[in-house]
Amino acid sequence: MNGELLNAETIAIIDGADGPTGVFMVGGKRSIKVRITDYLYRRKQKNIAKKIVTGTHTLEEMLQYAQNTYGAKESDYKVNAIPEITRVFEIKEGEDFLYIEVDDIAETFGISFSGSEENFKRFQAINKDLYTYYGVSEKDIDEKNERYLSLLGVLCS
């Protein structure tokens with residue numbers, strides 16, 4: 001142990017009962033490639049943040065928009081591992097799915113999707129569109145709250 005821990009990275013293991021185990025390593029020396037990638041991502045984030053305009057819709061308005069625009073339908077699928085999820089809507093393309101998981105208590109939503117490369121790109125565009133439609137207020141931007149950070153993260157992906 002003599003000095004070995006000084007250069008060691010911090011390792012966190014998150015064991016999910018409903019999915020794969022995640023391993024996160026923090027700290028340590030980062031390569032120049034990683035530092036450049038991080039810099040470019042932060043720069044992209046700043047540029048996108050400048051373009052975000054205020055304007056919000058309620059969760060119900062966003063769900064109605066998803067139904068009217070993309071044919072989203074309420075699903076029988078339940079997220080057993082996350083009891084807060086009260087409703088799930090789905091958009092199906094062949095065997096591929098996009099799920100909109102709704103937490104009515106916290107009035108939040110999340111989107112997950114999987115599928116072929118063609119549908120993956122389409123689902124990514126729908127994801128960005130739904131988060132943009134849901135929107136943010138001036139207060140969300142000022143406070144950099146979850147609603148704002150979710151939109152920014154989706155637009156940067």
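The values are calculated or read from the model by the stated rules, or taken from the named source; none is laboratory data. Everything quoted here is computed from the prediction, not taken from an experiment. Side chains are part of the model used for accessible areas, which takes the heavy atoms of the whole protein and leaves out ligands, DNA and RNA. Shrake-Rupley method; radii C 1.70, N 1.55, O 1.52, S 1.80 Å.
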**Solution diffusion estimate, µm²/s, Stokes-Einstein, the range 106-157, Kirkwood Rh from C-alpha pairs, 10 °C, viscosity 1.306 mPa s** = 135
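So what's the range 59-130 giving for Rg/Rh, alpha carbon basis, Kirkwood Rh from the mean inverse pair distance?
Numbers: Rg = 11.7 Å, Rh = 12.3 Å.
Looking at the range 59-130, the ratio lands at 0.95.
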**Message:** At 0.36 nm per residue, and after removing the present C-alpha to C-alpha distance, how many nm does the segment from S75 to K29 gain when stretched out fully?
**Reply:** 12.0 nm
**Prompt:** Going by accessible area, probe 1.4 Å, with all protein chains left in place, what is the ranking of I141, I105, I126, I32, largest first?
**Reply:** I105, I32, I141, I126
**Length released on extending from C156 to T56, taking residue separation times 0.36 nm less the Cα-Cα span** = 34.1 nm
**Message:** Could you tell me the relative contact order of the range 92-157? Use alpha-carbon pairs under 8 Å, at least six residues apart, and round to a whole percent.
**Reply:** 22
